[in-house]
Amino acid sequence: MEAPQKNLRIIEIGEKSYLGIQVASGKGVQSFIRLFSPQDRKGLILTERSIEEWEILGFTEVNGNLYLYGPPFESLPEPFTTLFDAPPGSSIPPRWVLFIRRLALLGKTSRVPEKLYPEGMFFLKDGRLLILPEKIMQKVLALEPLPQRIAHFDSFNHPDLTGEQNCSFFLATVTYRLITGFPPFMGNTEEELHTEMRYLPPLPASLKRPGLNEELSDFLQLLLTSKEKISLSEWEKKIEYFSKPPLVYSLTKEEMEKRALEAERFLSERTRSYRRRTFWMKHRTQVIVAILLTLVGAYFAYDVLSSALRPPRTLGMPPEQVVNLFYSSMNSLDHQAMEDCVKGKAGKAYIDEVTQLYVVSRMRMSVEFKSGMLDAESWYRKGRPPLQEGVTLYGIAELKIQQEAGEENTTDVFRFLVQFHRWIPVPPSEGGLRFRGFQMRERVIVQRVGERWVIVDIQRLQTEPLPPPSIE
C-alpha cells in the first residue's frame, strides 16, 4: 500500500480499496453528503482524446477528516498544486503543457466548468487528468477559512468571468506564476485581489523576471488585463508554440538595469492611474452627467435627421471600395460613413466605439479647443514617435484588403480578407498601459442590396497583441 500524500490516501472499506481525497474536517459528514444528487458526484477524467467519468462512491471520516472516495488508480494521483513546488526553470513545465492539452478537450464540448478549482484537479501517472465535480468543490471552498480560499481559488479565477473566458484567465494566471515564480495579482484580501484583477494590470512577466520571452509576456499581459480572451483550443496552440523557443534569454548588466527602471516606471504609473480613477469616481457630479446627456442627445438628434436626408455615400462604389471606406473611416471618426457601409448588426461594435470617441472628442474640443485625437495612420507615417501626454491614439494602419478566392463569391456576394493594425485607448479603470494595439485579420462579406454594395458580416480570424507605444 502506498504511503498517504497530502490530502490523498488509499481507503479500505470492507475488503475493497478506494482512492480517498480529503475535502473537509469530519464534522457534519451526513449534512455534507445530503447536499448532492447522484449526478453531482461524477468527476471527469480527461485523456488524450476522450472524456471519461469518475464516480464518487461516498464520503467517510479518517482521523477526524472528511474524505470523498471513488475507484482507485494504479498509483496515487499528484495534486495540481504540486506544479508550484519547483522554482521557475528555463522552459515551460511539460506537465503544464499536458494540462492545457487535456483541458482543451472540454472546449470542444458543453462541459467547460464555470470556475476552476486547483484543489480539485489531479495529475494521474499515465498522463490523464482528474477533475472533481464543480458543485462539490463549491461546497468544499465554502468550508475553507478565508485566507485559504483566497490562496487556493480567488487568486486564480476572475470575479466577473465564467466558463471558457474564465478558463482562459485561469491559464494566464497559472502560466505567469510558473514562469516568474510569483502570482500576477498580489492582493491579501478578497476585495484587494478583485480590485487588482478589474482595474490594475500586473507587472509584465518580462519585467517581473527580466530576460523572459517578450512575446509570451505580451500574450499573458493581454489576457490578464483586457476583455479579449481566447478559446481553450487556441490556448493549446499557443502553449505548444511558446514551449519551443527559449523561455529565458541572458541580459547584460545594462539591460538588467534598464528593465528595473521600466518596472519602477510601470508600477508608478499604475498607482497614479488607479488614484486618478478613484478620485474621479468619488467626485464626479450629476451636473457633469446632465451636461453629457444633453450634448449627446442633441448630437444624435442632428445625426438622425441629417442621415435621413442624404443619400448613402456608398452609392455607386465597387465592393472593395466599400470595405476600404468602412475601415479607413475609423481614423476620421466618421461613424456616418461606416453606417452607410453596413447592413443590420454588421460592424456594430466598431461603429459604437467610433461614435463614443467622436462625442468625447467634440466635448474636449469645446472645452480645450483641441480634440486630442491622433489617428493610427498618421502616427505610422511619422514613424511612430513617442506619444505626448494628453494625446489619444485611435484607429487603424497597415490596411490591406484582398478578395478571397472561392466558390462562395457570386455576382451578388464577395468575400474579402482584411489585415490591419488596430490601436485603441485603454480605459482609465484598467490602469497601466494607456493604449493597446492588435494585429488583426478579418473576413468581410459584401452583398449587393438594391443599387449598392453593403457589408453584411465581419468575421474575426486573428488577433495578436502589438508592443505598446512609448510615452514621452
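None of the figures in this text is laboratory data; all of them are computed from the coordinates on show. Note that the structure is a prediction, hence the values are computed from the model and not measured. Cβ coordinates were reconstructed from backbone atoms using ideal geometry, including for glycine residues, and neighbour counts include every protein chain displayed.
Compare the peptides 261-269, 354-362 by average per-residue count of other Cβ atoms within 10 angstrom and give them in order, highest first.
On the way: 261-269: 13.6, 354-362: 17.9.
Answer by packing, highest mean first, reads 354-362, 261-269.
Give me the compactness ratio for the stretch 156-279, meaning the Cα radius of gyration over 2.2 N^0.38 Å. If you can, show how the numbers build up before the last one.
Values: Rg = 15.0 Å, N = 124, 2.2 N^0.38 = 13.7 Å.
Scaled against compact globular proteins, the figure is 1.09.
Amide H contacts of F435 (H built 1.01 Å from N, in plane; Pro and chain starts excluded): V426 sit under 5 Å, all sequence-distant by 5 or more or on other chains.
Each peptide among 230-242, 382-394 gets the average number of other Cβ atoms lying within 10 Å of its residues, and from highest to lowest they stand as 230-242, 382-394. Working from Cα pairs under 8 Å separated by at least six residues, relative contact order for the stretch 156-279 is 26 percent. Just add up the charged neighbours of P145: K/R +1, D/E -1, any other residue whose Cβ is under 14 Å from the Cβ of P145. Taking every other residue near P145 into account, the sum is -3.
Coupling constants for the stretch 107-115 follow from the phi torsions by the Karplus curve (6.51 cos²θ - 1.76 cosθ + 1.60, θ = phi - 60°), and in residue order they are x, 8, 10, 9, 10, 5, x, 5, 9 Hz; glycine and proline get x. Packing here is the average count of other Cβ atoms within 10 Å per residue, and on that basis the peptides 191-200, 462-471, 164-173, highest first, run 164-173, 191-200, 462-471.
What is the extension gain from R381 to L143, computed as 0.36 nm multiplied by their sequence separation minus the C-alpha to C-alpha distance, in nm to one decimal? Intermediate values should be presented prior to the final figure.
Details: separation 238, 0.36 × 238 = 85.68 nm, distance 5.93 nm.
Using 0.36 nm per residue and subtracting the Cα-Cα distance, I get 79.8 nm.
Rank the residues V342, V456 as a footprinting-exposure proxy: fewest other Cβ atoms within 10 Å of their Cβ go first. Each step should come with its number before you reach the end.
On the way: V342 22, V456 17.
With the fewest neighbours first, V342, V456 line up as V456, V342.
Check which residues have an amide H placed less than 5 Å from L116's amide H, if you skip close sequence neighbours. For L116, no residues qualify. For the stretch 404-421, 3J(HN,Hα) computed residue by residue from phi via the Karplus equation (6.51, -1.76, 1.60; θ = phi - 60°) reads 7, 6, x, 6, 5, 6, 10, 5, 10, 9, 10, 10, 10, 9, 10, 10, 6, 9 Hz, glycine and proline entered as x.
Sorted ascending by nearby beta carbons within 10 Å, beginning with the fewest, D375, D40 become D40, D375.
Full extension of the chain between E12 and R448 yields a length gain of 149.7 nm, computed as 0.36 nm times the residue separation minus the alpha carbon distance. Between S233 and F73, the simple spin-label model (points 7 angstrom out along Cα→Cβ) gives 2.7 nm.
Straight-line cross-link reach from K400 at under 15 Å between alpha-carbon atoms covers these aspartates and glutamates, not counting any fewer than eight positions away in the same chain: E320, E377, E442. Straight-line reach from K244: taking Cα to Cα under 22 Å and skipping same-chain neighbours fewer than 8 places apart, the lysines in range are K208. Here's the list of aspartates and glutamates a cross-link from K343 could span, going by alpha-carbon distance under 12 Å and ignoring same-chain residues fewer than 8 apart: D457.
Please give the FRET efficiency for T411 paired with L315, using the beta carbon to beta carbon distance and R0 = 25 Å, rounded to the nearest 0.05. Can you show the working numbers first?
On the way: r = 19 Å, r/R0 = 0.75.
Once the sixth-power term is evaluated, E becomes 0.85.
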